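Q: This structure is in structure tokens; I'll ask about it shortly.
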Amino acid sequence: MPHWHDSSDSIMNQQSKFHLRQILPALLAIGLVTWWLGTRHAAVKPETQVEENPLNADFDYFISGMNRTTFANNNGQLHHLEAAEVRHYPSDDRAELEQPRFSWFVATNKPWTVQSVTGQLSRQANEKADLLELEDQVRLSKPLPDGDTLVVETAKLDVDIATKSFTTAEPVSLSSATMQLESRGMTGELDSNRLELLNEVSGRHE
């Protein structure tokens, strides 16, 4: 049988080879330019900033919205501590508190309540109970038998839970409906409802 050769296919192949020979150097040049630009871009790219992992922090746990109640031997509430945020540091067994609020319940009276902007809870040496150190806009309050409320304001206040006492060396403002007193330093006992102003006491009492 005669073999037919399609001349149009041959011409197309020749044209394709011809065009490929013409554009191949250009394609190679474009590829080299693209590679060069890529390496230039990589060279001037700023270093990546690695964010610090929060797990590398010094504290070992974080609590949001803490509420802790301690009960007495008769199953009644002894004291209650709450805080918006708590961070615990294992190196010295210390907890930092945000917006702490502490209440001490007395069997026959309404509780003492103290709150502040920040605070710290730590275990004292040779003691089974904690020391609560409060700072910044400390406000201590106690309802009185006549329906009035005693309010004490100071910058710092330490509450010793083991001895059921509180103390400060800072200036103190003490007020109720019938009195307004100022002092430098104060001590008090939670169970016995005792409060003593220490130095430079002044004010009025009706």
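The values are calculated or read from the model by the stated rules, or taken from the named source; none is laboratory data. Being a predicted model, the structure only gives us computed values, none of them experimental. Every residue, glycine among them, receives a Cβ derived from its backbone with ideal geometry; neighbour counts consider all protein chains shown.
Q: Mind checking which residues of the range 184-204 are of a type in the set (Gly, Ala, Ser) and either exposed (fewer than 13 other Cβ atoms within 10 Å of the Cβ) or closer than 11 Å to Pro171 by Cβ (or both)?
A: Going residue by residue through the range 184-204, those that are of a type in the set (Gly, Ala, Ser) are 185, 188, 192, 202-203.
Hits for the range 184-204 are Gly185, Ser192, Ser202.
Q: In the range 86-116, which residue that is loosely packed, with under 15 Cβ neighbours inside 10 Å and polar (S, T, N, Q) is modelled with the highest pLDDT?
A: Only one residue tops the list, namely Gln99.
Q: Going through Leu140, Leu157, Leu150 one at a time, which residue ends up being more than 24 Å from Glu98 (Cβ to Cβ) and surrounded by 14 or more Cβ atoms within 10 Å (Cβ to Cβ)? Give the derivation first.
A: On the way: Leu140 fails: more than 24 Å from Glu98 (Cβ to Cβ); Leu157 fails: more than 24 Å from Glu98 (Cβ to Cβ).
Going through Leu140, Leu157, Leu150 in turn, the sole match is Leu150.
Q: I'd like the full set of residues that are touching a strand residue (DSSP E or B) at 6+ places or on another chain (Cβ under 9 Å) and modelled with pLDDT under 80, limited to the range 117-127. Don't jump to the end; show me each part of the working.
A: Let us first name the residues in the range 117-127 that are touching a strand residue (DSSP E or B) at 6+ places or on another chain (Cβ under 9 Å), namely 117-124, 127.
Correct list: Arg123, Gln124, Glu127.
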